[in-house]
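Novice: My structure is below; once you've seen it, I'll send some questions.
The values are calculated or read from the model by the stated rules, or taken from the named source; none is laboratory data. This structure is a prediction, so every number in the text was calculated from the model and none was measured. For neighbour counting, all protein chains shown are included, and Cβ atoms are generated from backbone atoms with ideal geometry for every residue, glycine included. Surface areas here come from the heavy atoms of the whole protein model, side chains and all, with no ligands, DNA or RNA. Shrake-Rupley method; radii C 1.70, N 1.55, O 1.52, S 1.80 Å.
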Amino acid sequence: MSLYKTVLVTGASAGFGLAICEKLAGEGYKVIAAARRQDKLEALAAKYKGQIFPLKLDVTDTASVDAIIEKLPDEFKQIDVLVNNAGLALGQDKAFTCSLKDWNTMVDTNIKGLLNVTHKLLPLMVKKNKGYIINLGSTAGAWPYTGGNVYGGTKAFVEQFSRNLRCDLAGTALKVTVIKPGLCSDTEFSNVRFKGDNEKAAAVYKDVEAIKPEDIANTVSYLLSTPAHMNINALEIMPVCQTFGGLAVTRNLKLEEK
Ligand code: NDP
Ligand code: 8X3
């Protein structure tokens, strides 16, 4: 039996967000499915009549975020869980060749978008002393890799922000968890990262059994079922086929002459 009833999931039109909405709606939660592609959200809501409300929302648009509550039907207004899942990586080029526009889009979505929605909903949760914020970080926030530059930086922000929220929420009943997945297939993540180069995206998951969106949805469901006194601060989840690669050393490196 969960402590919570109404969940807002950002990035609900694909991947983890979609799987989380389906899992939680199936378990009887009222779910607000938020993303930019309304057709996808409406198709989802049609499958779970009355259980899912499709909310067209761009998390980077502060005016839209500010109007969230007034756009909701009464039975969805008492949000007690926020899953900050909307996010993206754009490109995997080295920092000295990649696009500044891509960097800014990642910061605007993964950091500022998450902040916009959190800033809107957190005071409402604190007021009723009930709420749970689940943030989607990434292994990329802790384990650097070539071309992960700003994407990894945004996810490091998500982790530290999650932990700092726990400090600010001391003395309340609210919970915060950051989930940090590693390699996950069956989402649009790599298709978006490689800008529609679907062959390149598919190659990322070739011959591996990666984490699936359902694994993340089951994790969220589990988190919501934990007892009132227990807060899981962070969960790092990798497929068994993925592990750490050690530090890189360049041999015979040509250094600048003095
Ligand atoms: P997908 O690309 O499959 O889904 C991303 C979702 O975010 C889509 O629903 C998209 O919807 C939404 N989104 C993107 N930008 C915005 C925006 N500005 N406003 C609202 N919604 C937005 O990715 P995943 O499901 O794989 O990833 C979900 C989260 O998990 C991301 O934060 C990602 O960084 C993280 N993650 C993913 C991993 C992976 O390997 N897949 C591993 C670790 C973390 P729409 O375009 O309709 O707005
Ligand atoms: C997604 C996982 O390794 O592509 O956050 O950065 S990774």
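Novice: Just to verify a result, which residue in the stretch 184-198, among those that are open to solvent by 40 Å² or more (accessible area, probe 1.4 Å) and of a type in the set (A, V, I, L, M, F, W, C), is nearest to the chain's Cα centre (by Cα)?
Specialist: Of everything passing the filter in the stretch 184-198, PHE189 is nearest to the chain's Cα centre (by Cα).
Novice: Quick one: would you say LEU224 is part of a strand (DSSP E or B) and within 22 Å of ALA12 (Cβ to Cβ)?
Specialist: Considered against the rule, which asks whether it is part of a strand (DSSP E or B) and within 22 Å of ALA12 (Cβ to Cβ), LEU224 comes out as no.
Novice: Could you please find all residues in the stretch 218-242 being exposed (fewer than 10 other Cβ atoms within 10 Å of the Cβ) and closer than 29 Å to ASP207 by Cβ? Don't jump to the end; show me each part of the working.
Specialist: Within the stretch 218-242, the subset exposed (fewer than 10 other Cβ atoms within 10 Å of the Cβ) is 227-230, 240.
Listed by number, the list holds a single entry, VAL240.
Novice: For residues in the stretch 1-29 being in a strand (DSSP E or B) and buried (at least 24 other Cβ atoms within 10 Å of the Cβ), which is nearest to ligand 1 (Cβ to nearest atom)?
Specialist: THR10
Novice: Another question, if that's okay. Output the residues belonging to the stretch 139-152 that are assigned to a helix (DSSP H, G or I), open to solvent by 40 Å² or more (accessible area, probe 1.4 Å) and within 12 Å of ligand 1 (Cβ to nearest atom).
Specialist: none
Novice: How many of the residues making up the stretch 162-181 are over 22 Å from LYS128 (Cβ atoms) and buried (at least 18 other Cβ atoms within 10 Å of the Cβ)?
Specialist: Count: 4.
Novice: Considering the stretch 199-217 alone, what residues qualify as being part of a helix (DSSP H, G or I) and open to solvent by less than 70 Å² (accessible area, probe 1.4 Å)?
Specialist: Scanning the stretch 199-217 gives ALA201, ALA202, ALA203, PRO213, ASP215, ILE216, ALA217.
Novice: With the condition kept exactly as written, say whether any residue in the stretch 76-94 is open to solvent by 50 Å² or more (accessible area, probe 1.4 Å) and more than 30 Å from ALA203 (Cβ to Cβ).
Specialist: Checked the stretch 76-94: at least one residue is open to solvent by 50 Å² or more (accessible area, probe 1.4 Å) and more than 30 Å from ALA203 (Cβ to Cβ).
Novice: Is at least one residue of the stretch 51-63 of a type in the set (Lys, Arg) and either within 20 Å of TYR4 (Cβ to Cβ) or crowded, with 20+ Cβ neighbours inside 10 Å (or both)?
Specialist: The answer is no, given that none of the residues of the stretch 51-63 is of a type in the set (Lys, Arg) and either within 20 Å of TYR4 (Cβ to Cβ) or crowded, with 20+ Cβ neighbours inside 10 Å (or both).
Novice: Out of GLU188, GLU214, which single residue is in contact (Cβ under 8 Å) with a residue 12 or more places away in the chain and away from ligand 2 (no atom under 16 Å from the Cβ)?
Specialist: Unique residue meeting the criteria: GLU214.
Novice: On the basis of being within 13 Å of ligand 2 (Cβ to nearest atom), under 13 Å from the mean Cα position of the chain (by Cα) and closer than 25 Å to CYS241 by Cα, does THR139 make the cut?
Specialist: For THR139, the condition - within 13 Å of ligand 2 (Cβ to nearest atom), under 13 Å from the mean Cα position of the chain (by Cα) and closer than 25 Å to CYS241 by Cα - is met.
Novice: Follow-up. Going residue by residue through the stretch 97-110, is there one that turns out to be more than 12 Å from ligand 1 (Cβ to nearest atom), outside any strand (DSSP E or B), more than 21 Å from the chain's Cα centre (by Cα) and in contact (Cβ under 8 Å) with a residue 24 or more places away in the chain?
Specialist: Within the stretch 97-110 (the criterion being more than 12 Å from ligand 1 (Cβ to nearest atom), outside any strand (DSSP E or B), more than 21 Å from the chain's Cα centre (by Cα) and in contact (Cβ under 8 Å) with a residue 24 or more places away in the chain), the answer is yes, since at least one residue qualifies.
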